[in-house]
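Here is the structure we will look at, set down as structure tokens.
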Amino acid sequence: MSDFSFDKEFQGEAILEYGDSDFIILKAGAFVRCAVTNDPIQLDQLRYWNVDEQEAYKDVLVAKQRWIELNSEPGK
């Protein structure tokens, strides 16, 4: 965990805008929540997100699961 997470300015949940290869911090915080599991993800550990849905994912397996949900045809 980075030292910045101990600074009072960076405690609590952050609000981010997700881009193609990075993100912009709109509200400072130490973590965001996984859109699927609701688990906290420390900003220095955030690796997976969806730009179109503006969602963060805790790991590659959750990101893949969500991609399948968003891209599968109904009824299949």
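Meeting the requirement of 3 or more residues that are in contact with a Leu (Cβ under 7 Å, 6 or more places away or on another chain) and at pLDDT 95 or above, the strands (runs of 3 or more DSSP E) wholly within the chain are 15-18, 23-27.
Filtering region 22-54 to residues that are over 10 Å from the mean Cα position of the chain (by Cα) and of a type in the set (Ser, Thr, Tyr) leaves only 37.
Taking into account only those residues within region 7-27 that are surrounded by 15 or more Cβ atoms within 10 Å (Cβ to Cβ) and not aromatic (Phe, Trp, Tyr), which is nearest to residue 70 (Cα to Cα)? Within region 7-27, the match that is nearest to residue 70 (Cα to Cα) is 16.
The values are calculated or read from the model by the stated rules, or taken from the named source; none is laboratory data. All of these numbers come straight from a predicted model, not from anything done at the bench. Cβ atoms come from the backbone with ideal geometry, glycine included; neighbour counts cover every protein chain shown.
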